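All remarks here apply to the structure that follows.
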Amino acid sequence: MAAAARVAPKDYFTPQEWAPLAHKSAWKGPALIAHAWIVIGLAAALAMAFPIAIPLAVMIIGGRQLGLAILMHDAAHGALHPNLKVNDWLGEYLTPGGLVQYRTYHLGHHKYAQQAEDPDLGLSAPFPITRVSLRRKIVRDLTGQTHFKQRWAPLFKRIAQRKSGESALKIVWTFIRHRPRFFIGAAVTIAATAPFGFWWAWFVLWWLPSATWLPLITRLRNIAEHACVAKDEPDPLRHARTTRAGWIARAFLAPYYVNYHCEHHMFMHVPCYNLPRAHRLLRRKEVLPGMLTAPGYWDVLRMASSKPARRDAGRGPTPEERGVEQAAIRALQ
């Protein structure tokens with residue numbers, strides 16, 4: 001298996017320029033985690049005080065849920081803290097978790113980026129798709145269908161296919177036992193908020209964002225990063241896309257510098273908070289024109305949905321469209 005071409009920092013930076021880019025701060029990574037949880041708490045408090053703000057809170061909280069996943073991604077690269085034990089503890093217990101399994105999978109993506117062996121290739125290979133197909137996916141995300149298919153459908157399928165004499169209750173208990181954070185978090189939050197009349201807070205201000213806004217922006221982020229990138233692309237500056245993000249995009253869609261994805265693939269151990277500086281240096285050195293970039297997320301979506309509509313659109317998705325749907329669901333897991 002041929003690994004993807006790599007770049008060396010010395011090809012672009014002097015030792016004096018590279019040292020601060022590669023530096024892992026002992027406080028910045030934990031501070032970003034704290035920021036994510038504080039924003040979630042403030043958005044929830046706003047919604048509980050003013051229920052009219054619930055739709056806004058759902059988008060803010062969903063954005064920070066993605067942000068916590070992005071910070072776990074940094075931990076997978078050992079970039080969240082200079083002490084690896086602290087790095088792994090932060091990535092396992094203060095973010096969505098599952099760090100060890102994710103690290104193995106994700107580093108394979110970097111090793112074989114856009115090559116045949118890339119485990120994430122299914123996310124980019126089918127693009128461009130039609131606008132109808134993209135709208136259909138967005139609707140499924142925002143209505144919770146993607147979340148249900150990803151998180152809950154396997155449970156119901158397992159119950160339906162259980163062997164004779166096998167207890168459905170035991171299957172449900174096993175399902176709960178393997179997801180302790182979700183259910184313990186729900187129980188603790190409901191117990192803490194119910195005495196004040198906010199028994200609904202966990203359902204509306206944690207589960208709802210994770211079931212609607214989070215799948216949508218995870219899909220959009222995946223599209224922005226690798227959609228319409230050629231398979232077996234030989235140029236390491238074009239394995240991933242950097243997308244310009246203003247403050248609105250950063251607040252709701254692209255938290256914690258995730259939009260600097262080309263720089264991340266070029267220098268995967270650089271902490272996320274140093275990627276904007278790397279971007280500025282590369283622009284100053286006139287490297288940016290050779291990199292894969294986009295002026296905004298809307299531009300990427302238009303490109304990714306530029307395939308002409310099929311005449312038989314009413315017959316359902318093509319095998320290629322089903323492939324990207326399945327890959328997107330795997331990426332959300």
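Scan segment 1-22 for residues that are in a loop (DSSP other than H, G, I, E, B) and touching a helix residue (DSSP H, G or I) at 6+ places or on another chain (Cβ under 8 Å) and report the count. Here the count works out to 7.
Please work out which residue is nearest to residue 203 (Cα to Cα), limiting yourself to segment 143-191 and to residues that are under 26 Å from the mean Cα position of the chain (by Cα) and part of a loop (DSSP other than H, G, I, E, B). Only one residue fits best here, namely 144. Residues in segment 220-230 that are crowded, with 17+ Cβ neighbours inside 10 Å and either among the small types (Gly, Ala, Ser) or assigned to a helix (DSSP H, G or I) (or both): 220, 221, 222, 223, 224, 225, 226, 227. Contact map, segment 144-168: residues that are modelled with pLDDT of 95 or more and surrounded by 13 or more Cβ atoms within 10 Å (Cβ to Cβ) paired with residues that are among the aromatic types (Phe, Trp, Tyr) and outside any helix (DSSP H, G or I), Cβ distance under 9 Å, separation 6+ or inter-chain. No pairs are found.
State yes or no: is residue 25 hydroxyl-bearing (Ser, Thr, Tyr), in contact with a helix residue (DSSP H, G or I) (Cβ under 8 Å, 6 or more places away or on another chain) and at pLDDT below 95? No, not satisfied.
The set of residues in segment 23-62 that are outside any helix (DSSP H, G or I) and not polar (S, T, N, Q) comprises 23, 24, 26, 27, 50. Do we find that residue 233 is surrounded by 15 or more Cβ atoms within 10 Å (Cβ to Cβ), over 18 Å from the mean Cα position of the chain (by Cα) and over 17 Å from residue 21 (Cβ atoms) in this structure? Yes, satisfied. Across segment 211-219, a minimum of one residue is classified as surrounded by fewer than 22 Cβ atoms within 10 Å (Cβ to Cβ) and of a type in the set (Ser, Thr, Tyr). Can you confirm whether segment 202-218 contains a residue that is within 27 Å of residue 12 (Cα to Cα), outside any loop (DSSP other than H, G, I, E, B) and aliphatic (A, V, I, L, M)? Checked against the condition, which is being within 27 Å of residue 12 (Cα to Cα), outside any loop (DSSP other than H, G, I, E, B) and aliphatic (A, V, I, L, M), segment 202-218 yields no hits at all. When the residues of segment 63-111 are filtered to those that are modelled with pLDDT under 95 and either in contact with a strand residue (DSSP E or B) (Cβ under 6 Å, 6 or more places away or on another chain) or assigned to a loop (DSSP other than H, G, I, E, B) (or both), which remaining residue is nearest to residue 41 (Cα to Cα)? Once the filter is applied, the top-ranked residue is 96. Looking at residue 124, is it under 30 Å from residue 5 (Cβ atoms), in contact (Cβ under 8 Å) with a residue 40 or more places away in the chain and crowded, with 21+ Cβ neighbours inside 10 Å? Judged against the criteria, residue 124 is a match. Is one or more of the residues making up segment 148-169 β-branched (Val, Ile, Thr), under 19 Å from residue 221 (Cβ atoms) and touching a helix residue (DSSP H, G or I) at 6+ places or on another chain (Cβ under 7 Å)? Among the residues of segment 148-169, not one is β-branched (Val, Ile, Thr), under 19 Å from residue 221 (Cβ atoms) and touching a helix residue (DSSP H, G or I) at 6+ places or on another chain (Cβ under 7 Å), which makes the answer no. Of everything in segment 58-75 that is surrounded by fewer than 24 Cβ atoms within 10 Å (Cβ to Cβ) and over 11 Å from the mean Cα position of the chain (by Cα), the residue that is farthest from residue 261 (Cα to Cα) is 58.
Tallying residues that are out of contact with any His (no Cβ under 8 Å at 6 or more places or on another chain) and either in contact (Cβ under 8 Å) with a residue 40 or more places away in the chain or buried (at least 19 other Cβ atoms within 10 Å of the Cβ) (or both) within segment 194-210 yields 8. Residues in segment 113-138 that are farther than 14 Å from residue 301 by Cα and modelled with pLDDT of 95 or more: there are none. Scanning segment 242-289 for residues that are outside any loop (DSSP other than H, G, I, E, B), farther than 19 Å from residue 69 by Cβ and of a type in the set (A, V, I, L, M, F, W, C) yields 247, 248, 262, 266, 278, 281, 282, 288.
The values are calculated or read from the model by the stated rules, or taken from the named source; none is laboratory data. What you are looking at is a predicted structure, and each value in this text was computed from that prediction instead of being measured. Glycine also receives a Cβ, built like all others from the backbone with ideal geometry; neighbour counts cover every protein chain displayed.
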